[in-house]
Structure formats: C-alpha cells, structure tokens
Amino acid sequence: TYFATVKDLFSKGGPEFVYRLEIGAPLADFTVAADNHAYTLQSGKTNEIKITIAALNNFQSTNFVVAIDGLPEGVTLAPPKVPAKGGEVKLSLVADTDAEPSNQPIQIKVTAADAKPPRTRTAFFGINAKDTSPDLFINETDQLWLTVSQQALKVAPAPKKKKK
C-alpha cells in the first residue's frame, strides 16, 4: 500500500488547481554524496575530496567517470580510481604553484559510461537541518565551495641584536 500527498508551496488547493503525478516501478540508478560542502586548497599543494557512490535497485556499472565542473585555472583533478561497485572514492585536487586565489562553487559529476543510456549524477552534500520539513529548508546542495589560497611565505626570523 502506498500513499501520496500532493500540495503546492503555499499549502493551497482546489478545483482550479491541476497536479500531475506519475508513479512507476523503482528504476536501477545510483547516487553520489560528498563528505563536505566546502574545501580549501593551497597553491602548490593537493587536497582530497571524498565522495560515496551508492547503487540503488541493483544498479551495476564498471565504468564510472568523475569530473568536476567549475575548477579555477591552475587546479586539476587527478584521475581517480573508482571501484566497479562504487563505494567511497577519494578525489585528489592538485593546484599549480602559480594557481591564483579564488572562491567559487564547484560541482562533482559522476557518469556511469557503460549504462544504456549513460547516466550522470551530481554529488550532493546533506545539510542536516534540524527541521526537515520540505517546504521550510533546503536539505541538500550540489553547489560545493572551493577556496584556493596562495601558499604562505616563509619569513626568516630577524637576526638577533647583539648586546653592547
């Protein structure tokens, strides 16, 4: 037995309102979850992002391809090793030594290239709001944030003054 509740943003309704509801058998698919919503990276260094690829309804793929949209110039994604069944994947972001500082949104996209047709899913981060009412909060986001900063300069200590 299934129940469906349909309402609009303002909890209104009536004979002049039209809603369309389509129900079908669950399809094999996958989801992608990010471990955080914000990441930092220093120029000349590497940082990891962890994502989890989860199969739904017996979804199978042996060719997951990961890409990140919105990377600033001078920052690249090292080709990740993705297990055939999904699971946890560590993505390495590499910043050139001359990468310019930036603050910007990024999106992590995972494509099951061998699916028919190929499917792409965007990584989401769960915000975990206290009130999970769907009409009050955004409970997840696919807009992750990347901050690239320049490496701190090492300053030599000032020479000690000799006592006279």
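Computed from the C-beta positions of residue 2 and residue 69, the FRET efficiency with R₀ = 30 Å rounds to 0.25.
Looking at the chain, the accessible area is 75 square angstrom per residue; that uses a 1.4 Å probe and ignores ligands, DNA and RNA. Over the chain, what percent of the accessible surface lies on carbon and sulfur atoms, probe 1.4 Å? Carbon and sulfur atoms account for 54 percent of the accessible area of the chain.
Label zone of residue 122 (point 7 Å out along Cα→Cβ, amide N under 14 Å): in the range 25-46 this covers 32-34. Return the percentage of antiparallel bridges among DSSP beta bridges fully within the chain, rounded to the nearest 5 %. So the antiparallel bridges amount to about 85 percent of the total.
When averaged across all projection directions, what area in nm² does the alpha-carbon convex hull of the range 39-145 cover?
On the way: hull surface 32.9 nm².
Value for the range 39-145: 8.2 nm².
The gain in end-to-end length when the residue 141 to residue 88 segment is fully stretched comes to 17.2 nm, 0.36 nm per residue minus the alpha carbon separation.
The values are calculated or read from the model by the stated rules, or taken from the named source; none is laboratory data. All figures in this text were calculated on a predicted structure; none of them were measured in a lab. Reconstructed Cβ throughout: ideal geometry from the backbone, glycine too, with neighbour counts over all protein chains shown. With ligands, DNA and RNA removed, areas are computed over all heavy atoms of the protein, side chains included. Shrake-Rupley method; radii C 1.70, N 1.55, O 1.52, S 1.80 Å.
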